[in-house]
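Visitor: Just passing along the structure, written as structure tokens.
The values are calculated or read from the model by the stated rules, or taken from the named source; none is laboratory data. Computed from a prediction, not measured in an experiment: that's the story for all the values here. Glycine gets a Cβ as well: all are built from the backbone with ideal geometry, and neighbour counts include every protein chain shown. Just so you know, the surface numbers come from the protein's heavy atoms only, side chains and all, with ligands and any DNA or RNA stripped out. Shrake-Rupley method; radii C 1.70, N 1.55, O 1.52, S 1.80 Å.
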Amino acid sequence: MDGNGRWATSRGKSRSEGHREGARAIDRLMDASLELGLSNISLYAFSTENWKRPITEIRSIFNLLIEFIETRLDTIHERGIRIHHSGSRKRLNRKVLDKIDFAVDKTKKNKKLTVNFCLNYGSRDELLKAAQEVFLQRKRDQVLFEKPLKEKELEKFLYTSTLPPVDLLIRTAGEQRLSNFLLWQSAYAELYFTDILWPDFDKKSLVESLQWYETRTRKFGGLENG
Ligand code: IPE
Ligand code: MG
């Protein structure tokens, strides 16, 4: 979800107003996803590298997140949306963790749409943590080096273990990079880049990206005809 800052600056507004408008775009995206029948969406809200930003901006992003959960959770729940969190709990303060945990717990049985908030998320951090946990689990089971490591064994320890791999990855605001986002999960994702700034991303933008996705032939390393 890139471009909140540029959206604000170009209008003479503060960056935090850009993030607020970005949250409205999340509302629209959830509505559109339900209408279009998508079953999983992941949102890159705050990366393990975003801590490099000024503390005032970090605070405004987390305050917005708390406000987002407080004001939207009931409608999210009523509409059958499951909230999922991907990311490290380290460095997140108690208030933020409590809000996230509450939202995740309240919506855990919902089936219509899963919205995966990637918050304090970084793929490298996730893969290091998963490797560490594989090691600890094998140590407990006393099978440390007995069998080669398989994909499934590692995937159990990813934040996304209950989610399918990424089919379509959308990056807004004209940048063409992954920025440490779902690297393992996007191994065969179709990559869609648009100049639209995140706060301007709407149902029409989503439909356009899905129409583009429909034109792709997915081969997963195989040949076109299977
Ligand atoms: C993305 O918008 C949102 C977050 C990282 C929370 P940016 O804040 O990166 O916006 P630009 O890149 O400065 O326009
Ligand atoms: Mg940016």
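Visitor: For region 43-79, state which GluC sites (Glu not before Pro) are in a DSSP loop and have at most 14 other beta carbons lying within 10 Å of their beta carbon.
Guide: Listed in order of number, the matching sites are 49.
Visitor: May I pose another question? Tell me, what % of the accessible area of the chain is carbon and sulfur with a 1.4 angstrom probe?
Guide: C and S fraction of accessible area: 51 percent.
Visitor: Along its principal axes, what span do the Cα atoms of the chain show, with the longest given first and each in whole Å?
Guide: 60, 50, 36
Visitor: Would you tally the net charge around residue 70, using a Cβ to Cβ cut-off of less than 13 Å, leaving residue 70 out, and scoring K and R as +1, D and E as -1?
Guide: Neighbourhood net charge equals +1.
Visitor: Here's another thing I want to ask about it. Sort 179-185, 6-12 for me by packing, meaning the mean count of neighbouring Cβ atoms within 10 Å per residue, highest on top.
Guide: Most protected by this proxy first, the peptides run 179-185, 6-12.
Visitor: Grab the Cα-Cα distance for residue 161 and residue 70, subtract it from 0.36 nm times how many residues apart they are, and report the gain in nm with one decimal.
Guide: Between residue 161 and residue 70, full extension yields 30.1 nm more.
Visitor: Lysines within cross-link reach of residue 52: Cα-Cα under 18 Å, excluding same-chain residues under 8 positions apart?
Guide: Straight-distance partners of residue 52: 90.
Visitor: Provide the gained length on full extension for the span residue 147 to residue 28, in nm with one decimal, where the gain is 0.36 nm per separating residue minus the Cα-Cα distance.
Guide: Fully extending the segment from residue 147 to residue 28 adds 38.1 nm.
Visitor: If I build a Gaussian network model for the chain, linking alpha-carbon pairs within less than 10 angstrom, which residue out of 64, 149, 38 has the largest mean-square fluctuation?
Guide: Highest fluctuation among the options: 149.
Visitor: Report relative contact order for region 100-217 in percent, whole number only (criteria: Cα-Cα under 8 Å, sequence separation at least 6).
Guide: Here the relative contact order equals 23 percent.
Visitor: Moving on to the next point. What number comes out for the charge environment of residue 163, summing +1 per Lys or Arg and -1 per Asp or Glu over other residues with Cβ under 11 Å away?
Guide: Taking every other residue near residue 163 into account, the sum is 0.
Visitor: With a 1.4 Å probe and every protein chain left in place, work out the accessible area per residue of region 100-226 in Å², rounded to a whole number.
Guide: Result: 63 Å² per residue.
Visitor: Something else about it: Choose one answer from 114, 160, 56: the residue with the largest mean-square fluctuation in a GNM of the chain with alpha-carbon springs under 10 Å.
Guide: 56
Visitor: Another question, then. Scan around residue 114 for amide H atoms under 5 Å from its own, H built in the peptide plane at 1.01 Å from N, and keep only partners 5 or more places away or cross-chain.
Guide: Residues meeting the criterion, in which the H sits 1.01 Å from N, are 40, 41, 82.
Visitor: Shifting gears a bit: For residue 212 and residue 104, what is the calculated FRET efficiency with R₀ set at 30 Å and r taken between the beta-carbons, to the nearest 0.05?
Guide: So the FRET efficiency works out to roughly 0.40.
Visitor: Report the local net charge at residue 154: Lys and Arg +1, Asp and Glu -1, summed over other residues whose C-beta lies under 11 Å from its C-beta.
Guide: Every neighbour counted, the sum reads -1.
Visitor: Could you calculate the contour length gain from residue 58 to residue 79, that is, 0.36 nm times the residue separation minus the distance between their Cα atoms, to one decimal place in nm?
Guide: Full extension from residue 58 to residue 79 adds 4.6 nm.
Visitor: If R₀ is 30 angstrom, what is the calculated FRET efficiency for the pair residue 137 and residue 51, using the beta carbon separation as r and rounding to 0.05?
Guide: 0.55
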